[in-house]
Amino acid sequence: MRGAALLVRFLLELAAVAAVAAWGWHVVDPVPLKLLLSVAAAAVVVVVWGTFVSPKARYPVPDPAWLVIEVLVFLAAALALVALDDPWGGLVLLVVYAVDLAVLMRLGERRRAVPPTPAGPDGSDRPTPQ
């Protein structure tokens, strides 16, 4: 069950990137601008995800902020689909995301720890005395 839920999560992440890239392609006319906006929109999603949300995030954030960022990414993808005249696709994306999030939380996969504090000089979590 855990593997299937994680696979769905990965596919949802790819769908979010594809949705904003498709939106970028269809929102402007000249092909060079289509390409630029498509790549830029996808890059924003990838950078935000990799920086704050992914399991190996460069700057992990605590649970409430992490969940807000994740929800905003999927909401942006759903809105991109709505802008492409596919409201059902946006709704399906959000529903599948919500169900998968609930399953992963139930399995203990979505719990995130607060980012670790810098260790003191002795290797403990106690701060360095001033």
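Every number here is computed from the coordinates shown, using simple stated rules; none is lab data. Computed from a prediction, not measured in an experiment: that's the story for all the values here. Don't worry about glycine lacking a Cβ; one is built from the backbone with ideal geometry, like all the others, and counts go over all protein chains shown.
Key figures for this structure:
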item: Values of log10 I(q)/I(0), in the order q = 0.16, 0.32 Å⁻¹, for region 1-51 under a Debye, Cα-only, solvent-free model; result: -0.50, -1.06
item: Part-to-part distance (alpha-carbon centres) for region 3-28 and region 60-100, which is given in Å; result: 10
item: Label-to-label distance, nm, for residues given as residue 14 and residue 98 (7 Å Cα→Cβ offset); result: 2.5
item: Residue-by-residue Karplus 3J(HN,Hα) for region 49-58, coefficients 6.51, -1.76, 1.60, Hz, glycine and proline x; result: 4, x, 7, 10, 10, 4, x, 10, 4, 5
item: Where only alpha carbons of region 2-106 are counted, the Rg and the Dmax (Å); result: 14.1, 47
item: FRET efficiency, residue 28 to residue 6 (Cβ-Cβ, R0 41 Å, nearest 0.05); result: 0.70
item: Spin-label pair residue 83/residue 106, simplified geometry with 7 Å Cα→Cβ offset, distance in nm; result: 3.4
item: Theoretical gain in end-to-end length, residue 91 to residue 47 [0.36 nm per residue, Cα-Cα removed]; result: 13.4 nm
